[in-house]
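Asker: Quick one: the structure is below, and I'll ask about it shortly.
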């Protein structure tokens, strides 16, 4: 068996050792002490029982998530961007959330973007050392040309990841609004550069330090809330249906027709015709059908209401 072990200066790491040992995410879970002796079904029950803690922890953070959403909506509505910075699992979750938003909500690529320590290659192969320097995060913020119009969100289950901290500090220095998502207790969060901290405390992991588990799930739930609630507040949803779809594949084309049919009650054939007349804009097609207007009038109404289909129809 080959060992990949690197230690430049053993003495210099004692401070880091103590810092990590004190983290809530690095404690042993008393409920899984003997998991290595369990049957498969008992292993799964332990994991499942621990996972039930997560939504409760997220619920306690709703007031802070609300504050974050308000800041995100303000930034995006003003032409700014939402940018995530994280390492490892946290970084991958940010990249994933950002990548899903354009096809789901019809926003331009780049409005929401995720950055991971070590660059794109780190999405598929861990580059753990890339997270160890604050300047790496700061440099990525500079490279992204962050301004006071943007909002930057650091993601780090441990709250101590230098890459994420460096990104947030540099963003604040440049005048951007700042968020931070961590799974350690709020009482232990002490970053003055952060406008809103979101701290779902899920306790020790089933496997000590494996923050891809409960912490990763909590982070994913928070990210889902941040972008989905923001998109709803920006008029990307009618009732509970996506209406700013980008018709980039046949599945989305057919979903768009179905959305039009559900909201308006028209036939498949009419939905297809109106979608074509609207050049693939579900919003415009909805206004055309519901308000009984032509495309130009529909577009004028949408422009006058900031893209809110319900308001455009009722106006």
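All of the numbers you see were taken from the coordinates with simple rules; none came from a lab. Computed from a predicted structure; not experimentally measured. All Cβ positions, even for glycine, are placed from backbone atoms using ideal geometry, and neighbour counts span all protein chains on display.
Asker: Using 0.36 nm times the number of residues separating residue 250 and residue 127, minus their current alpha carbon distance, what extension gain do you get?
Answerer: The span from residue 250 to residue 127 would gain 40.6 nm if fully extended.
Asker: Averaged across orientations, what area in nm² does the convex hull of the alpha carbons in the range 66-210 project?
Answerer: 8.7 nm²
Asker: Relative to the longest principal axis of the C-alpha atoms of the chain, give the angle of the C-alpha long axis of helix 214-233, reported between 0 and 90° and rounded to the nearest 10°.
Answerer: Between the helix axis and the principal axis of the chain, the angle is about 20 degrees.
Asker: Multiplying the sequence separation of residue 239 and residue 70 by 0.36 nm and subtracting their Cα-Cα distance, what value in nm do you get?
Answerer: In short, 58.8 nm is gained.
Asker: Then there's this: Given a 10 angstrom Cα cut-off, can you work out which residue in 285, 143, 298 is the most mobile in a GNM of the chain?
Answerer: Result: 143 has the largest fluctuation of those listed.
Asker: Okay, next question. Quick check on the exposure proxy: order 187, 24, 281 from fewest to most C-beta atoms within 10 angstrom.
Answerer: Starting with the residue having the fewest Cβ neighbours, the order is 187, 24, 281.
Asker: Among the DSSP beta bridges whose two residues both lie in the chain, what percent are antiparallel, rounded to the nearest 5?
Answerer: 10 percent
Asker: On a 0 to 90° scale, report how tilted helix 40-51 is relative to the longest principal axis of the chain, with both axes built from alpha carbons and the result rounded to the nearest 10.
Answerer: 70 degrees
Asker: A follow-up question, please. For the range 188-315, which semi-axes, largest first and in whole Å, follow from the square roots of 5 times the eigenvalues of its Cα gyration tensor?
Answerer: Working from the Cα gyration tensor, I get semi-axes of 40, 18, 10 Å.
Asker: Need the full-extension length gain, residue 262 to residue 19, defined as separation in residues times 0.36 nm minus the C-alpha distance. One decimal, nm.
Answerer: Taking residue 262 through residue 19 to full extension adds about 82.0 nm, to one decimal.
Asker: Shifting gears a bit: Please work out which option in (1) 29, 49, 20, 2; (2) 33, 57, 9; (3) 31, 52, 17, 0 gives P(r) over Cα pairs in 20 Å bins from 0, in percent calculated from these coordinates, and answer with its label.
Answerer: (1)
Asker: Sort 26, 19 so the one with the fewest other Cβ atoms within 10 Å of its own Cβ comes first.
Answerer: Fewest-to-most ranking of 26, 19: 19, 26.
Asker: Taking Cα atoms, how many degrees apart are the long axis of helix 88-105 and the longest axis of the chain, rounded to 10 and kept between 0 and 90?
Answerer: 0 degrees
Asker: Sorted from fewest to most neighbouring beta carbons within 10 Å, what does the list 227, 248, 264, 37 look like?
Answerer: The fewest-first ordering by Cβ neighbours comes to 37, 248, 264, 227.
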